[in-house]
Amino acid sequence: MRLTLTAAAAILLGAHGLFAAEDDVQVLEEVAGGPSAALYPANRPPLVPSPLVKLPVGAITPRGWLRSQLEIERDGMTGHLAELLPWCKFAGNAWSDPQAKGHSGWEEMPYWLKGYGDLGYVLKDEKIIAQARRWIEALLATQQADGWFGPRELRKSLEGKADLWPNMLMLNVLQSYCEHSGDRRVVPFMTRYFRWQLQYPEADFMAGYWPKMRAGDNLESVYWVYNRTGEPWLLELAAKIHRCCAPWSAGVANWHGVNLSQGFREPGEYFIQSHERRFLDAAERNYQTVMGTYGQFPGGGFAADENCRPGYVDPRQGCETCTWVEFLHSFEMLTRISGNPTWADRCEEIAFNSLPAALTPDEKGLHYLTGANMVQLDRGNKAPGLQNRGTMLSYSPGAVYRCCQHNVSHGWPYYAEELWLATADGGLCASLYAASEVTANVADGPTVTISETTDYPFSETIRLELSMSEPEQFPLYLRIPRWCPKPAVAVNGAALAVAGKPASYLRISRRWTAGDVLTLRLPMTLGVRRWVKNKDAVSVAFGPLWFSLKIGERWQRCGGSEQWPDYEVFPTTPWNYGLVLDEHLATRGLELARGLSQVSSACPSGQAETGTVPFRRLARQPFTPDAVPLRVTAKARKIPGWTLDRRGLINVLQPSPVRSAEPLETVTLIPMGAARPRITAFPQIGQGAEAHDWPVPAAPAFTASASHCWDSDTIDALSDGILPARSGDQGVPRFTWWDHRGTTEWVQYDFPKPREVSAVEVYWFDDTGHGECRVPASWKLLAKQGQAWKPVEEAAGYGTELDRFNRTTFRPITAAGLRIVVELKPNFSGGILEWRVGP
Ligand SMILES: [Zn+2]
């Protein structure tokens, strides 16, 4: 909807009376598409006209903290992945030599190159550009006569059908490269590949899990070429891709976190061809469906610790680093397609709050899952609280996460490319705010440069200074964030009476002159959000920033090399707090303090914000507990029952309000993006009848140990209460003695104090047809009395039946522990899925 609230008459003239009669100010709920000014490749007919158009990579030069993120990325993992991980080595890689065999020919290198190239173009870093060019030249040389490109193995790798997924990433690589270089080979290359796609049998097209879920990526590249060549058959291909894609138009087609973060938007992309609003609405509906259940905590993501799982909605679940960057990419795309400012708000929520803490401050490592409540980032197995077994939370530059390490590359570069967008009416739109400089064409062609100075989101003021050779009439669009009810805009010191409303664009069309300065203030206020779907937990926000408890950090190296270390991060200060909030006004009692960068570089006169703090610069890496320039203090009480589970995973929230007799304390909160161990969704402390007690978890009934346990299996499986469907069940945690074969092995429980026992039940693991574990040849049970292990007496049972518990009874005995001793079958190993001890 386009809503005009005001025009020239509503402008307050400043001292200089600078506004002329043709000045026009409008508040728009969305940017409208229209016949394009044709300065940049916008949607061609018959596609729905573009409201906002991406500028070619390189048009925007990021500055300030965003530039720092990119430079740190260059010096960190992304800039050095070719030295670190096997998939990005040039020699012998199936992307440089398409006949090469092995595992270098799938998504990893394309994931990395997709952001690595853009990192070079955005930073104008010649070394990276040259490295990326080497890969791109090799890629261009892989094209076959029929248009296929890339590793030959992929042509038939899905049961004889082509795996189109990795090529989707390479299409993105080529798009950015073309925008950067103007290389005339790229569009014909992509066109030949799309010809091949058009003739590929529809029954086999988008075969396989990943291609089908992520075909929207392919669709975007087809429209990119169409908008440059106008060849009508490309729209036939686009329709075919839409038909063969998973049915995201009909709802959430898949609950894998990364699939969701890419796939949900596909109908929004297809909207521009269908002209049916229901497709654009479907993308929003998919987003709401996911976030309405799984996104009920701060940070802009959702609970998908691989997949969204019914019941696992707690703020501890987190989502993959891949999910963060793909969600960003989707939101950026939908901002341009829809002209709706809310998508840009959603970008900022992730970029300021979640993405920075998914990485170490030096961007030399990342972790798989980043969530709103995570207090111990160790490498231990957190299943089944988290879905995946194995390390998910420790930071690593290495191969442990494989997808994220490569895919993270495009997060910051793409973000920097979307700060400014072209509008259909020949203007420019400040879509995402960060210090930068943009040089672009406006109106009917002249070039303008806008210098954006700000420390936003760590300051509220954004200063835009224009330069151009001749005065020029064109519109500037400013996004007003959804959280900002009272924006203030001044042009050359003259305040505008109407400066927009939350979730809108302010369109200022006037004859701009070199030296014009536009100042935008986006006042931020403290707010408290209650998560009614997540046990009534509460979170503190300030403008676009969420706040987390500041927790002392102990970084402990747990692998890697001196230069590229793996780290676990442990809390050194208490974290189990509930907030004490004023019952009438939740924000009363919260106090904001500004730190280092109080007066931003946007306001060198030192008059902004409070005007009393001396001029200090924002730290190069502001996303650390010490450098981040904002603090909130709040009242809180500890909740003794809120602990880590036996695997070091924070226990889930209990319903608020929560009773606590602990002393009232003052705690410090810092912006979420700077907090790696963090609590962001807090229980609220309460009293009276409606308050709940937080149950103190029972001490473990025993501790388990074994003669041996295979690395990726876990001794915790013995007693995790997760029962298998059968002995060969691959879907539940398990304990195995693998790779010991034919040996005598044991597993035991030690009780905290001697107890009477008279029966055990054992569910054996056996993966016949899949692996080399079998039920044991025989077994027996020993009981610990004093320091001695003795066989139990009158034992009956010792069964080894499949697909059920094997119950063994014996003469009741008071024991300090029980031990199962097995004789493994010759040449086979064995394992146990669950072991219960009865009275
Ligand atoms: Zn990943």
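I'm trying to understand the selection: among the residues of the stretch 1-46, which are surrounded by 13 or more Cβ atoms within 10 Å (Cβ to Cβ), under 17 Å from A497 (Cα atoms), out of contact with any helix residue (DSSP H, G or I) (no Cβ under 7 Å at 6 or more places or on another chain) and modelled with pLDDT of 50 or more?
Listed by number, the residues that qualify are Q26, V27, L28.
Mind listing just one residue for me: the one in the stretch 309-344 that is touching a Pro at 6+ places or on another chain (Cβ under 9 Å), open to solvent by less than 10 Å² (accessible area, probe 1.4 Å) and closer than 17 Å to I272 by Cβ and, of those, farthest from the ligand (Cβ to nearest atom)?
G339
Which residue pairs have Cβ atoms closer than 9 Å, lie 6 or more positions apart in sequence or on different chains, and pair a first residue in the stretch 385-407 that is among the aromatic types (F, W, Y) with a second residue that is within 8 Å of the ligand (Cβ to nearest atom)?
Once the first residue is among the aromatic types (F, W, Y) and sits in the stretch 385-407, its partners that are within 8 Å of the ligand (Cβ to nearest atom) give Y401/E320; Y401/T321; Y401/C322; Y401/Y368.
Mind listing whichever residues of the stretch 391-422 are within 14 Å of the ligand (Cβ to nearest atom), among the polar types (S, T, N, Q) and modelled with pLDDT of 95 or more?
Hits for the stretch 391-422 are S396, Q405, N407, S409.
Does any residue of the stretch 271-290 turn out to be without any contact (Cβ under 8 Å) to a residue 40 or more places away in the chain, surrounded by fewer than 23 Cβ atoms within 10 Å (Cβ to Cβ) and within 24 Å of G673 (Cβ to Cβ)?
Yes, the conditions are met somewhere in the stretch 271-290.
Please go through the stretch 222-253 and give me each residue that is more than 28 Å from P56 (Cα to Cα), in contact (Cβ under 8 Å) with a residue 12 or more places away in the chain and open to solvent by 20 Å² or more (accessible area, probe 1.4 Å), ordered by number.
R243, S249, A250, V252, A253, listed by residue number.
Of the conditions (1) surrounded by 14 or more Cβ atoms within 10 Å (Cβ to Cβ); (2) part of a loop (DSSP other than H, G, I, E, B), A725 satisfies every one except a single condition; which number is it?
A725 satisfies all of (1) surrounded by 14 or more Cβ atoms within 10 Å (Cβ to Cβ); (2) part of a loop (DSSP other than H, G, I, E, B) except (1).
Would you tally the residues in the stretch 270-302 being more than 15 Å from E326 (Cα to Cα) and touching an Asp or Glu at 6+ places or on another chain (Cβ under 7 Å)?
So the count comes out to 0.
Residues in the stretch 70-79 that are under 27 Å from G182 (Cα atoms) and either open to solvent by less than 10 Å² (accessible area, probe 1.4 Å) or free of Cβ contacts under 8 Å to residues at least 12 places away in the same chain (or both): how many?
3
Would you call E306 within 16 Å of the ligand (Cβ to nearest atom) and open to solvent by 30 Å² or more (accessible area, probe 1.4 Å)?
Taking the combined requirement at face value, the residue satisfies it.
Can you tell me which residues in the stretch 498-554 are under 23 Å from the mean Cα position of the chain (by Cα) and β-branched (V, I, T)?
V538, V540, I551
Output the helices (runs of 4 or more DSSP H) that fall wholly within the stretch 155-240 and possess 1 or more residues being among the aromatic types (F, W, Y) and out of contact with any helix residue (DSSP H, G or I) (no Cβ under 9 Å at 6 or more places or on another chain), or say none.
Helices (runs of 4 or more DSSP H) meeting the threshold: 186-199.
Please go through the stretch 675-691 and give me each residue that is modelled with pLDDT of 95 or more and part of a loop (DSSP other than H, G, I, E, B), ordered by number.
A675, R676, P677, I679, T680, A681, P683, G686, A691
Can you say whether Y209 is over 24 Å from A303 (Cβ atoms), among the hydroxyl-bearing types (S, T, Y) and modelled with pLDDT of 95 or more, as far as the supplied structure shows?
no
Would you say N353 is modelled with pLDDT of 95 or more, buried (at least 24 other Cβ atoms within 10 Å of the Cβ) and touching a helix residue (DSSP H, G or I) at 6+ places or on another chain (Cβ under 7 Å)?
Spelling it out, N353 is indeed modelled with pLDDT of 95 or more, buried (at least 24 other Cβ atoms within 10 Å of the Cβ) and touching a helix residue (DSSP H, G or I) at 6+ places or on another chain (Cβ under 7 Å).
Quick one: would you say L334 is in contact with a Phe, Trp or Tyr (Cβ under 9 Å, 6 or more places away or on another chain) and closer than 22 Å to T624 by Cα?
So L334 does not fit the description; no.
The values are calculated or read from the model by the stated rules, or taken from the named source; none is laboratory data. Predicted, not measured: the structure shown is a model, and the values here were computed from it. All Cβ positions, glycine included, derive from the backbone under ideal geometry; neighbour counts span all protein chains shown. The protein model used for the area step is the full one, side chains on, heavy atoms only, and it has no ligands, DNA or RNA in it. Shrake-Rupley method; radii C 1.70, N 1.55, O 1.52, S 1.80 Å.
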